[in-house]
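First comes the structure, then the notes that go with it.
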Amino acid sequence: MAGKSSSKLPLSGVKVIDFGQYIAGPAVAMILGDLGATVVHIDPPSGPLWESPANATLNRNKLIVTLDLKTPEGLQQAHELIAEADIAIESFRPGVMARLGVDFEKLRSERQELITLSVPGFASNDELRRDWRAYESVIAASSGVFTDMGLNRVLMGINPSFSPLPLASAYGTMLAASAVTLALQSRERTGHGDHVEVPLASAVMEGLCYNSIKIDDYPDRYKSMRELEIERRRVEGLPMNVSYEELQELLDPFYRSYLCKDGRMFYVVCPSHKQHAKRCLKALGIYDDLVEEGLPEEEDTYKSTNDWTSDASLGVYPLPKFWAEKISERMKEVFITRTSKEWERIFGRGKYPGAPQRWLQEWINDDHAETAGLMVDVDDEEFGTMIQPGPMVWLEESGEEMLTPKPRRWVGFGEALAALKVHKTKLPARDPKAENTGWLDGIKILDMCNVIAGPHSVTYLARFGAEVIKLDPSKPFYDCWNTVIFGMSHGRGKRSILTDIRSENGREIFEKLVKSVDVIVWNAPDHQIKAMGLDIDGLRDLNPDAIFCKLDCFSGVRRGPRSNYLGYDDLVQAATGIMLRFGGSMDTPEEHAHVGTIDVMCGFGGALGVATALYQKLKSGVIGRPRTSLSALSGLAQIPFCYDFERRELFDEPTGREAAGYDALTRFYYTSSDRPILLSAYESDVSKFSNVEGLEGFEDVAKEDRAAFLSSAFVNARARDWAERLQAADLGGVICESIESIRIYNSREADGTPGTDRGSYSFSTYSDHPSGREVTQLDPFAIRPTRSTIYALPPSQKYGQSTREILDELGYTAEQIDQMIEEGSVSESWSEEYLPT
């Protein structure tokens, strides 16, 4: 099996019917099409519901058919297409497709091998919200996205804060694409299809899970200067009115932008790794001077800070004010002496993370993006040659085939049906014992990742039944803010072992683990992968049937000039224009405030890669090597405006701190209760305003006067009243909720269930969390299969908790384990406390 190889795309022969509109549904089908599936997209006679050049991207590799489901002929043709399909996708409000005559439940009862996917805005079991007009901004406002845009916006007193990034659709796309592919690979083993629901509101909450976790008695050592300043102002009753300039002085020196000689800002992200901050200061030529001035470096930063020799340590986030200010001032003086391009090369080659701030238009036309295949050319019928985002997930052996996607093509019903009939689906007999099992029951995964994207991809797979071992070094490279705080989210459902894989015994343990699993996931550079024998030839010797998945920052299908550069979520935000759009100018860049904005999305991408490789292995025997990167997923996060073509209109999406929305029909308005409301409507909705009490006559108002009319009207009633009036008229209108309020109203004591039955939002409170603190965190609830099981995940173990247990399973005696612990090749813990104080 391992000897087989092929450039054939992994989902070749899979047939998909895409009824989706707007972003998420079509994007799922686009990704499946990129991976080789035959996709037929259905549009109504009036055309797509969202008019945008982005549709050219979302519908590439698809045949487009116009059908009127409200006519007997159109409905019959839709059923004929579905009868040939493996997967059918829709993205409307719950019940809409069934009312049109395309009832997924009924279709699956007739063809149990069919996989159906629904991507509604809110969950079908959300009695309050399921019938709302769930436009992107409505979901964001309801889910706390606009009121929790990070510490910067809190300190500047900007609340709510608008962002045009379609985070709900982006997260929902990757969750849904991975879910249907997992269902597909499960079908190869069991013969059973499934129906899957992925509510976008639940998806965006999963994407923001690092922002919504609540840890009681949170230790002060993890609070940044910004967090401490927020606490101080709240205690003293002071306003949140910090200027942008004042805000810069509250930033960690290794987590901020610096002005360069060419007038461009350069973003540095070196806060938590033992060596990155040191390498950075050495490259700047200021390390020795700072050490002479007393810059401390603790040997063991996992001790309580009460046992430190100082109140700071290089490589530990956050630095206290004294050292933060001193280091920042020195770094400013040096950065201004070179151009941002020079610094990018110095940082990249020196193996510490940093990147120039770029606009999206620059990124789309960037040499690295083009060379690496992160941007591709597509000859679209309407727009001519377009630059579009490249593959978001690929397999190494066939990725090259994905760099020349076919443009969307409008065809008749007969041609679409014939294209589907070319492929014949062959499945095993249905296994009656496969009911109520997880899609990944019996699959073993070795997680060697760090930070967020990699480990999050594996904790996501754990909910489907995968058995996961988390392998970390016997002594940590990252500080405990990065490992323990983040690990409380991405360590769930895993057993932890600590081993020095560079030592002789550690290498032996590592190789035994590799031989025992089905999948290995690692976010390491190529030279380290080769050194550990996980390159193609090395893994063939260790475990020829194992799938190896790699995630990194800047890679594409092909090697580009920056493919080996290190980086994190924030760097990709800087490099691809997200920070400049959010901040508004080159002088005022801001990180898009959510922790893991692209990280978590990339994690779901890694899971999709694993699911695709598992399907390919079952279908053809080819052992694939899935890949994804943060840069590859940045295109999805910016899909509404991530394209270019001759005579393209300006890149003029909402930018900066003053942005309140897109236009008068989609923006924030203040009400008499001083709580903002988010209105979201299209031009086609204008006639509905006459049905809203207090907005009579709006349809006669000139476009340039709409914002003034609505501003005057909305201050005459409470936000709650306006939300009810707008929703009654089938208009998008919601109160901007906070993540805190959503967590409070949707939390329960952990009860061993995954929360899929609890509507669009669900949290569990762990009063007996292993950390010794009460912890409330999001449930693993966004994927809702009908036939298969989603498992509730236990809290994250303390690092090293399962070291002895795993070594015992590998055949080591208690005496051997004790010896290895004594010599340091393995460890049972990094610290005395779960969460060092």
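Once you have the alpha carbon radius of gyration of the chain, what is it after dividing by 2.2 N^0.38 Å, with N set to its residue count?
Ratio of Cα Rg to 2.2 N^0.38 Å: 0.92.
Quick one: how many lysine pairs does segment 298-430 have with C-alpha atoms less than 29 Å apart and a gap of 8 or more or different chains? Give me the count, please.
Close lysine pairs under the 29 Å cut-off: 13.
With the other protein chains left in place, how much accessible area per residue, in square angstrom, belongs to the chain at a 1.4 angstrom probe?
Details: 30890 Å² over 837 residues.
On a per-residue basis, 37 Å².
What shape does segment 1-151 have by the C-alpha gyration tensor, where a ≥ b ≥ c are the square roots of the eigenvalues, rounded means a/c under 1.5, and otherwise prolate means a/b greater than b/c and oblate the rest?
Values: a/c = 1.63, a/b = 1.22, b/c = 1.34.
Cα axes put segment 1-151 in the oblate bin.
Excluding Asp289 itself, what net charge comes from residues whose Cβ is under 14 Å from its Cβ, given Lys and Arg +1 and Asp and Glu -1?
Net charge in that neighbourhood comes out at -1.
Please identify every one of the trypsin sites (Lys or Arg not before Pro) in segment 350-412 that sits in a loop by DSSP and has no more than 16 other beta carbons within 10 Å of its own beta carbon.
Taking segment 350-412 and a limit of 16 other Cβ atoms within 10 Å, the loop trypsin sites (Lys or Arg not before Pro) found are Lys351.
So what does Arg558 come to for accessible area, using a 1.4 Å probe and Å² rounded to 10?
Accessible surface of Arg558 is approximately 110 Å².
Taking a threshold of 23 Å on the Cα-Cα distance, which of the pairs Lys515/Lys550; Lys15/Lys433; Lys62/Lys688 fall above it?
From Lys515/Lys550; Lys15/Lys433; Lys62/Lys688, over 23 Å: Lys15/Lys433; Lys62/Lys688.
With a cap of 14 neighbouring Cβ atoms within 10 Å, and only residues DSSP puts in a loop, list the trypsin sites (Lys or Arg not before Pro) found in segment 460-537.
Sites meeting the loop and neighbour criteria: Arg502.
First check a/c for segment 330-473, with a ≥ b ≥ c the square roots of the eigenvalues of its C-alpha gyration tensor; if it is under 1.5, answer rounded, and if not, answer prolate when a/b is larger than b/c or oblate otherwise.
It comes out oblate by the Cα gyration axes.
At a Cα cut-off below 18 Å, give the aspartates and glutamates reachable from Lys70, other chains included and same-chain residues fewer than 8 away excluded.
Asp18, Asp43, Glu80, Glu90, Asp103
Can you give the helix-only mean residue ellipticity at 222 nm for the chain, where every DSSP H stretch with n ≥ 4 adds -39500 (n - 2.57) and the sum goes over all residues, rounded to the nearest 500 deg cm²/dmol? Don't jump to the answer; show the numbers that get you there.
Details: 33 runs with 292 residues, N = 837.
Result for the chain, helices only: -10000 deg cm²/dmol.
Sequence gap at least 6, Cα distance under 8 Å: using those rules, report the relative contact order of segment 611-678 to the nearest whole percent.
13
I'd like the distance between the alpha-carbon centres of segment 269-302 and segment 91-120, rounded to an integer number of Å.
Computed from Cα coordinates, the inter-centre distance equals 57 Å.
Loop only per DSSP, at most 14 neighbouring Cβ atoms within 10 Å: give me the GluC sites (Glu not before Pro) in segment 1-91, ordered by residue number.
Sites meeting the loop and neighbour criteria: Glu51.
What fraction of the Cα pairs in segment 78-155, stated in percent, has a spacing above 17 angstrom?
Of all Cα-Cα pairs in segment 78-155, 57 percent lie more than 17 Å apart.
In the chain, carbon and sulfur make up what percent of the accessible area (probe 1.4 Å)?
Carbon and sulfur atoms account for 47 percent of the accessible area of the chain.
Using a/c under 1.5 as the rounded threshold, could you call segment 216-317 rounded, prolate or oblate? The axes a ≥ b ≥ c are square roots of the C-alpha gyration tensor eigenvalues, and prolate needs a/b larger than b/c, oblate otherwise.
In terms of gyration-tensor shape, oblate.
Which whole-number percentage describes the relative contact order of the chain, with Cα contacts under 8 Å and a sequence gap of 6 or more?
Details: 1854 pairs, mean separation 157.7, N = 837.
So the answer I get is 19 percent.
The values are calculated or read from the model by the stated rules, or taken from the named source; none is laboratory data. Since this is a predicted model, take the numbers as computed values, not measurements. Neighbour counts run over all protein chains shown; Cβ positions are idealised from the backbone, glycine included. Areas reflect the complete protein model, heavy atoms only, side chains present, ligands, DNA and RNA absent. Shrake-Rupley method; radii C 1.70, N 1.55, O 1.52, S 1.80 Å.
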